[in-house]
1. Restricting the first residue to the range 162-185 and requiring it to be under 13 Å from V8 (Cβ atoms), which pairs with a second residue that is within 12 Å of ligand 2 (Cβ to nearest atom) meet a Cβ separation below 9 Å and a spacing of at least six or different chains?
2. Which pairs have Cβ atoms under 9 Å, sit 6 or more apart or on different chains, and link a residue in the range 404-417 that is more than 17 Å from S230 (Cβ to Cβ) to one that is of a type in the set (D, E, K, R)?
3. Pairs under 9 Å by beta carbon, first residue closer than 18 Å to A151 by Cβ in the range 27-44, partner aromatic (F, W, Y), six or more apart or different chains?
4. Here are some conditions: (1) more than 16 Å from ligand 1 (Cβ to nearest atom); (2) in a loop (DSSP other than H, G, I, E, B). C231 meets all but one. Which one does it not meet?
5. Just give me the residues in the range 356-391 being open to solvent by 40 Å² or more (accessible area, probe 1.4 Å) and either at positive phi or not in a helix (DSSP H, G or I) (or both), in sequence order.
6. Take the range 214-239 and flag every residue that is at pLDDT 95 or above, closer than 21 Å to A404 by Cβ and small (G, A, S).
7. Consider V226 against the criteria (1) over 20 Å from the mean Cα position of the chain (by Cα); (2) over 23 Å from A454 (Cα atoms): it satisfies all of them except one. Which criterion is unmet?
8. Could you tell me how many of the residues in the range 135-144 are touching a helix residue (DSSP H, G or I) at 6+ places or on another chain (Cβ under 6 Å) and not in a strand (DSSP E or B)?
Amino acid sequence: MADQPPPVRFLTDTKIDQERYSKIKEKFVKKYNCEPQFYARAPGRVNLIGEHIDYCGYGVLPMAIEQDVVIAVCATSDSKLSLSNTHEKYCDFECSVGEFEIDKSQPDWHNYVLCGVKGMTEFLTLTNPVGMQCVVDGCVPSSAGLSSSSALVCCAALATMQANNQSRSKREVADMCASCERYIGTQGGGMDQAISFMARPGTAKKIDFNPLREEDVCLPEGVAFVISNSCVEKNKAATSDFNTRVVECRLAMQVIAKSEGLTWRECKNLADLQNKLKLRLQDMDDLVQKHLHKEKYTKKEVCEILGVSAEELAETSLSANTLHVESFCLYQRARHVYSEALRVEEFQQVCKDVPSDAAIKLGKLMNQSHESCSKWYECSCTQLDDLVNLCIQSGAIGSRLTGAGWGGCAVSMVPSPQLTQFLEKVKDGYYMARKLESVVIEALFATQPGDGAAIYLPS
Ligand code: ADP
Ligand code: NG1
């Protein structure tokens, strides 16, 4: 499946929302005075377990959601890229398709599109890419941990591939999109882009990296997965919190590698460290406790341990937006990563074995994951912690933050017979209590594993 290109379908062949596509077309015709030649579509995702470990090289367990980004496209011969959005808050943008800058300091929406266009143009080594007139329509809640940004990057890359009459496998395109989203400045892993391309309806996926692999994960019967948005927005590219975590994990790996006598510069991430040491995942926590201290590390201390100057450290370990960070939590971050990687393995195993108490076991793992994210990784926030607690009190067997965190969504596993009651309780306890009733329809919903990215042709 992953070796196939993203599917090309006819708009009429599918169960897609005809009304939505008609509206996009209407906007397109009004804007460009011609009809779209095709529509590219890429979904957002909810991660069930495995948070902040993809960029450390460990497997994760997401599923695609129904909410997606759609781009209506008409290829042109004038090398111009024209972007328009169905949402008024996103302003029109124009540039030459082969020549533009991606502004990291100002992550405006068009920069995510440019990431996909630039990534695909380079990947296909297109010397003369065609121009594109585009209308973008997205319904993935933005900056909420459901990967609206990756849906946009993946969709733009897919649109560029189709407009230039090219075709590559889902795996290749997903891998490329993970790299090109980093043009925006965040140093994420490849989870979002992998599930956006490789998803299939009805199944979650275990995604592994280096090399990119996917495996179906059949979720137990009798439970529903519910997303609830805390309505606290967190744009990852606009602050240094996300990259600080990436850097802390890298430094933890480098300090342990050095302490174990490895050539630390040759280690890629915490998973690579485990491989080089030929240890089991279960043994890594002991190593963290042996080599790292709980107190924050100053930059000076890290430099002394690794035997480098501050300038060299910037080269080997930091990112552009973390050069100013003066202290790092290494022990806490590494403990989260190794324990979370184990929880992903356990989650997958329970889904394979389906013991009689499968849902209870999965729920426990989700709760432990949240606690670890909140306590060790410090990527939650008060509102999100409150929401997760409320979800548990309202009948969820397990609940946790999903995505990068610091706001955004929780995902909860709820016994299907109690779903209606659960939704009512969370609606009252969170949304009504905070006067957020106007957003509750988009903010609180049960979700099913959705389909992956595709091209739709007008018939
Ligand atoms: P997420 O967790 O949703 O990926 P990010 O903070 O990484 O959040 O990215 C959110 C950004 O993606 C938005 O600020 C916006 O620039 C862009 N974006 C998301 N959805 C859309 C959309 N429908 N149209 C245009 N840009 C979008
Ligand atoms: P979101 O929630 O989409 O910002 C980010 C990273 C993922 C992963 C999660 C945390 C990007 C594009 N995405 O996701 O790779 O690290 O955080 O598990 O950087």
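The values are calculated or read from the model by the stated rules, or taken from the named source; none is laboratory data. Just so it is clear, the model here is predicted, and its values are computed rather than measured. For neighbour counting, all protein chains shown are included, and Cβ atoms are generated from backbone atoms with ideal geometry for every residue, glycine included. Each accessible area value is taken on the protein alone, full model and side chains, heavy atoms only, with ligands, DNA and RNA left out. Shrake-Rupley method; radii C 1.70, N 1.55, O 1.52, S 1.80 Å.
1. K170/A194
2. S416/E221
3. F38/Y456; Y39/Y21; Y39/Y456; A40/Y456; R41/Y456; A42/F197
4. (1)
5. Taking the range 356-391 and keeping what is open to solvent by 40 Å² or more (accessible area, probe 1.4 Å), we get 356-357, 360-361, 364, 367-368, 371, 375-376, 378, 382-383, 385-386, 389.
Within the range 356-391, S356, D357, W376, E378 meet the criteria.
6. S228, S230
7. So the condition that V226 fails would be (1).
8. Summing the residues that are touching a helix residue (DSSP H, G or I) at 6+ places or on another chain (Cβ under 6 Å) and not in a strand (DSSP E or B) in the range 135-144 gives 2.
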